[in-house]
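Structure first, then comments.
The values are calculated or read from the model by the stated rules, or taken from the named source; none is laboratory data. Here the structure is a predicted model, which is why all the values come from computation and not from measurement. FYI the Cβ positions are ideal-geometry reconstructions off the backbone, even for glycines, and counts take in every protein chain you see.
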Amino acid sequence: MRMISRAVTLMTCTSGAAIGTFFVSTRHATMEQLPITDPLFRSSFYHRYNPHSNPTIRDNCTRCVPLSKVKVLLLEEGRLVEAFSAGFWSGPGYWIQRLLLSHKYECAATAHQLWSRHELRQSNYDVGIQVTNHFEVLEKTQEHIIFRGGDSPSRSGLRPLDGLLQLTAIIREDRDVVEFSIKSLFYQGSERSTSPPMSFVEEWLHRQYVKLLMETGIRSITR
């Protein structure tokens, strides 16, 4: 998460013009606190990796796009969420963090993971796929893909900082839109804690970063 804070700080604090552009480009995304009734809280992954039920940082970023603006070939079952994931990871929003992680972790031991923009664009994000030594696919359905994040996939046990990230793409035919969402759920997993896993500033930066990732993630999906 410190890596995420550093990445978004670099992107949003370069200049006043950059900050203005950022807020204009992300104005269509809606950010809300993820309710504790959300299925992500009932998932086996959450209970396995947060056994102490420690406090969480939880949010849900949503964005609706008219069906008429979505590429027709992507409206087939399962293709939309794959394309959203591909745009999310390969797009310019994740570029700085990807470079930082690559500089620190890309080596022979992590060569099986996704690192390049081409790899990130072409992947189908099946269960077990690992992204830049920081995320791993835990579950994939026709409408959503769940990643585990916060640390290297090689640390498969409980972690000091852990999290679940769910990317969702649902066709809402009654409203003629595709609803995209990014659900984030972070916590301290390895020890019992009474404090949230991020400071107020880190949480704010995280939410701005997610809004940016939403916008860059849907670029390759729209026409």
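Summary table below
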item: Odd one out for Ile145 among (1) at positive phi; (2) crowded, with 18+ Cβ neighbours inside 10 Å; result: (1)
item: Qualifying position, being farther than 26 Å from Thr30 by Cβ, hydrophobic (A, V, I, L, M, F, W, C) and touching a strand residue (DSSP E or B) at 6+ places or on another chain (Cβ under 8 Å), among Ile182, Ile146, Ile129, Ile170; result: Ile129
item: Subset of segment 165-181 that is part of a loop (DSSP other than H, G, I, E, B) and either under 17 Å from the mean Cα position of the chain (by Cα) or among the acidic types (Asp, Glu) (or both) - its residue that is surrounded by the fewest Cβ atoms within 10 Å (Cβ to Cβ); result: Asp174
item: Count - residues of segment 182-213 that are under 20 Å from Arg148 (Cβ atoms) and either among the hydrophobic types (A, V, I, L, M, F, W, C) or part of a loop (DSSP other than H, G, I, E, B) (or both); result: 13
item: Phe186 vs. criteria closer than 25 Å to Pro55 by Cα, among the aromatic types (Phe, Trp, Tyr) and either touching a helix residue (DSSP H, G or I) at 6+ places or on another chain (Cβ under 9 Å) or surrounded by fewer than 23 Cβ atoms within 10 Å (Cβ to Cβ) (or both); result: yes
item: Pairs with Cβ under 8 Å, 6+ apart, first in segment 129-157 and over 16 Å from Tyr187 (Cα atoms), second aromatic (Phe, Trp, Tyr) and assigned to a loop (DSSP other than H, G, I, E, B); result: Thr132/Trp115; Val137/Tyr125; Lys140/Tyr125; Ile145/Tyr125
item: Scan of segment 16-34 for residues that are loosely packed, with under 15 Cβ neighbours inside 10 Å and either of a type in the set (A, V, I, L, M) or at pLDDT 95 or above (or both), ordered by number; result: Ala17, Ala18, Ile19, Val24, Thr30, Glu32, Gln33
item: Whichever residue in segment 139-160 is of a type in the set (D, E, K, R) and more than 18 Å from Tyr125 (Cα to Cα) and, among such residues, is nearest to the chain's Cα centre (by Cα); result: Asp151
item: Selection count, segment 125-157, where residues are aromatic (Phe, Trp, Tyr) and in contact with a helix residue (DSSP H, G or I) (Cβ under 6 Å, 6 or more places away or on another chain); result: 1
item: Criterion (farther than 24 Å from Tyr125 by Cα, out of contact with any Cys (no Cβ under 8 Å at 6 or more places or on another chain), modelled with pLDDT of 95 or more and surrounded by 15 or more Cβ atoms within 10 Å (Cβ to Cβ)) met by exactly one of Thr56, Thr12, Thr37; result: Thr56
item: In segment 40-53, residue farthest from Phe200 (Cα to Cα) [restricted to those that are of a type in the set (S, T, N, Q) and either modelled with pLDDT under 95 or touching a strand residue (DSSP E or B) at 6+ places or on another chain (Cβ under 8 Å) (or both)]; result: Ser43
item: Pairs where the first residue, in segment 25-52, is without any contact (Cβ under 8 Å) to a residue 40 or more places away in the chain and the second is surrounded by fewer than 17 Cβ atoms within 10 Å (Cβ to Cβ), C-beta under 6 Å, 6+ apart; result: Thr30/Thr62
item: Every pair of residues 6+ apart whose Cβ atoms lie under 6 Å, when the first sits in segment 189-201 and is within 7 Å of Pro55 (Cα to Cα) while the second is part of a loop (DSSP other than H, G, I, E, B); result: Pro196/Pro55
